[in-house]
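Just below is one structure, and these are the notes that go with it.
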Amino acid sequence: MLHLQSESTTRWLAQVDENLDEVLIDHAHCERKAASTAMSLMNSYTENRKLCEEMARIVEEELEHYFMVLDLLEKRSIVFQRLQSGHYGRELNALTRPQEPHRAVDRLLIASLIEARSCERFRLLAEHIRDRDEELATFYEGLFESEARHHTTYVKLAEQFASRKTVMDRLDQLSTQETAIIAKGSPLARMHS
C-alpha cells in the first residue's frame, strides 16, 4: 500500500529513545513543510482544479496536525525551536526531473513517499512506546490514516500527468532511491533520519 521498499531499522528507534523531544519538535516542522509542499503544488498547477482541491484539503490537514504537535509539545513542556534539517527531504527532492510533465510526476511521487515513510514511522513509533507512553502511542496511531490517505492522493494525482504504468514505474524508481537515502541514516535525530 505504501510503496516503500524498506522498513525502518532499530537504529532509528534508538535515536527516538535517546532524543524523543527533538524528534517531536522535528515532527512539527515536518507537518509545516508538508503543508508548504501542498501549497507549492497548488501554486505551480493552479489551472488543475482537481489537484488544487486535493492540495487545499491536505494543507488544511497538515496545518491541523502541525498545531496538534505544537499542543503536544506545550503539554509536555518541550520548547518548540528551529532545528537543523536532515538530508532526507533535500536528497529526495533533488531527484525531481526539471521538465514538465516529468517534474509534476516527480514532485507528487516524492511527496507521496515522504508521506508513506511518515506513516510507517508513526506506526513504528506508536508500537515502540506503547508500554511507556500510551498517550503518545495513541496520538501517533491517530495520524496514521491521514498520512496513508495523503500518500494515495499524491500517487493518484500523478496519474493526471502520465499513464498509470509510467507513474508506477517511476514510483518504483524513486522508492528504490528513497530506500538508499533512508538507509544512510543521520546523526541528527529526526522523523526521517
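The values are calculated or read from the model by the stated rules, or taken from the named source; none is laboratory data. Since the model is a prediction, treat every value here as computed from it, not as a measurement. Cβ coordinates were reconstructed from backbone atoms using ideal geometry, including for glycine residues, and neighbour counts include every protein chain displayed. Keep in mind that these areas ignore ligands, DNA and RNA; they rest on the heavy atoms of the full protein, side chains included. Shrake-Rupley method; radii C 1.70, N 1.55, O 1.52, S 1.80 Å.
Closer than 20 Å to H65 by Cβ and touching a Lys or Arg at 6+ places or on another chain (Cβ under 7 Å) - does that describe any residue in region 119-132?
no
From the set of residues in region 82-92 that are over 15 Å from S175 (Cβ atoms) and part of a helix (DSSP H, G or I), which is least open to solvent (accessible area, probe 1.4 Å)?
Result: G89.
In region 52-62, which residues are among the hydrophobic types (A, V, I, L, M, F, W, C) and under 13 Å from E147 (Cα atoms)?
Result: I58, V59.
Residue by residue, here is whether (1) open to solvent by 60 Å² or more (accessible area, probe 1.4 Å); (2) among the charged types (D, E, K, R) holds:
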{"site": "F67", "(1), (2)": "yes, no"}
{"site": "A111", "(1), (2)": "no, no"}
{"site": "E115", "(1), (2)": "no, yes"}
{"site": "E120", "(1), (2)": "no, yes"}
{"site": "R132", "(1), (2)": "yes, yes"}
{"site": "F139", "(1), (2)": "no, no"}
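Filter region 157-180 for residues that are among the basic types (K, R) and surrounded by fewer than 15 Cβ atoms within 10 Å (Cβ to Cβ) and give the result.
R164, K165
Of the residues that sit in region 41-54 and are surrounded by fewer than 16 Cβ atoms within 10 Å (Cβ to Cβ) and in contact (Cβ under 8 Å) with a residue 24 or more places away in the chain, which one is farthest from E100 (Cα to Cα)?
Filtering region 41-54 for residues that are surrounded by fewer than 16 Cβ atoms within 10 Å (Cβ to Cβ) and in contact (Cβ under 8 Å) with a residue 24 or more places away in the chain, the one farthest from E100 (Cα to Cα) comes out as K50.
Name every residue in region 84-103 that is closer than 12 Å to S40 by Cβ and among the aliphatic types (A, V, I, L, M), in order of residue number.
Listed by number, the list is empty, since nothing qualifies.
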